[in-house]
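Worksheet for the structure shown next.
The values are calculated or read from the model by the stated rules, or taken from the named source; none is laboratory data. Predicted model only: the values in this text are computed from it and were never measured. Cβ sites come from the backbone with ideal geometry, for glycine too, and all protein chains shown count toward neighbours.
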Amino acid sequence: MLVLLSLLDSNIRCSCQATNDSVQEVSCSFELDFCQWNHDLTADLNWVRHNGSTPSADTGPQSDIAVDELRLSDGECPEIIPEIHNGNCSFERNLCDWTHDPTAQFSWTRQYGETHSFETGPVTGADNSSAYIFIEASFPQKICDRAGLMSPLIVRPTTTSGAQCFSFFYHMYGINIGSLLIWTIENMTTSAEETLIWQQHGAQGNEWLIKRINLWPTADYYFRIDGYVGDGFEGDIAVDEITLFDGECTEAIVDGKTGKVFLLTTIKLGYWLYIPHIIAAMYDWWQKNVRPIYGALSTVKVLTVYVSWGQ
């Protein structure tokens, strides 16, 4: 028997490996604040959290010094760190570098909280985040109208495998759900070569679902996300937590805010185990690997258990 446990809290999607690889509290991307870092009161000046370029012109090694994306985890550093691309977006502050397709009939909407229509759309972003994007299926939109969103230029990978993993969450809830399509587009300046890499149609339940797609691009390209209106106003389609990294997709959870990749924990159990033994093993794993990091069970939003038979 193989039991896979994945763990989500309100800020990060992660799992702990059997070796107890844990994301420590010192980790910080500085997107919203200093996390739990404090200024040294004995220093002559303080570090400044900043968006965009610094105020000084032509600064470099001789002047301004910057630090970002601090991360500490148990265990040795991995040999390869996936390249984080500019197409990644959690939509918490804006559309990042994604832009509306001017040839579409209407545009994707960035939204906080639930959509305005009854019995359709999500209540929060994926992983209980604040914001996401969705298509508004209500008037003046009509059936088969399209909303398109274009990514920035994605540079093809230079790794040996030539693979890239495109990951995102989608939400398709409502009796009038239309279609969601993902395209890659090459040669935007000449004759565009569009390739449909994934599509989904109709209602998929009132939940966020994750999709990972392996790509082997031969040239630089763009993504386009198309949402099509169904046959009524209960057809809001939402997308969130877009992540792209070099290498093939794995059985992992990707944090769309930082691009960090966390492998699922595996616990191998023998055929002789009964349900009480499985629960005991899970509880023991929880006490040793998760509770010291995340505290009580009530602080964790979702605990998912995948079970498959075999040694």
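Would the range 173-193 turn up any residue that is of a type in the set (S, T, N, Q), assigned by TED's automatic domain parsing to the domain that holds THR243, under 20 Å from THR250 (Cβ atoms) and assigned to a strand (DSSP E or B)? No, that holds for no residue.
Scanning the range 216-243 for residues that are charged (D, E, K, R) and surrounded by fewer than 22 Cβ atoms within 10 Å (Cβ to Cβ) turns up ASP220, ARG224, ASP226, ASP231, GLU234.
What residue, of GLN62, GLN17, is loosely packed, with under 10 Cβ neighbours inside 10 Å, assigned to a loop (DSSP other than H, G, I, E, B) and modelled with pLDDT under 75? If you could, list the steps in order and put the result at the bottom.
Numbers: GLN17 fails: loosely packed, with under 10 Cβ neighbours inside 10 Å.
Only one candidate passes the filter, namely GLN62.
Conditions (1) at pLDDT 95 or above; (2) within 13 Å of TYR173 (Cβ to Cβ); (3) over 20 Å from the mean Cα position of the chain (by Cα); (4) crowded, with 16+ Cβ neighbours inside 10 Å, marked per residue:
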residue: GLY113; (1), (2), (3), (4): no, no, no, no
residue: SER117; (1), (2), (3), (4): no, yes, yes, yes
residue: GLY121; (1), (2), (3), (4): no, yes, no, yes
residue: GLY125; (1), (2), (3), (4): no, no, no, yes
residue: ASN128; (1), (2), (3), (4): no, no, no, no
residue: ILE135; (1), (2), (3), (4): yes, yes, no, yes
residue: PRO140; (1), (2), (3), (4): no, no, yes, no
residue: ARG146; (1), (2), (3), (4): yes, no, yes, yes
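Does ASP40 satisfy the criteria of being within 30 Å of THR159 (Cβ to Cβ) and at pLDDT 75 or above?
Values: within 30 Å of THR159 (Cβ to Cβ): no; at pLDDT 75 or above: yes.
Here the answer is no, as ASP40 does not meet what is asked.
Which residue is surrounded by the fewest Cβ atoms within 10 Å (Cβ to Cβ), if the candidates are limited to the range 151-191 and must be of a type in the set (Gly, Ala, Ser) and at negative phi? Ranking the candidates gives SER191 first.
Taking GLU31 as the residue in question, decide whether it is modelled with pLDDT under 80, more than 22 Å from the chain's Cα centre (by Cα), outside the structural domain of GLY162 (by TED's automatic domain parsing) and of a type outside the set (Phe, Trp, Tyr). Taking the combined requirement at face value, the residue does not satisfy it. What number of residues within the range 202-219 satisfy the criterion of being within 17 Å of THR159 (Cβ to Cβ) and either among the small types (Gly, Ala, Ser) or free of Cβ contacts under 8 Å to residues at least 24 places away in the same chain (or both)? Count: 1.
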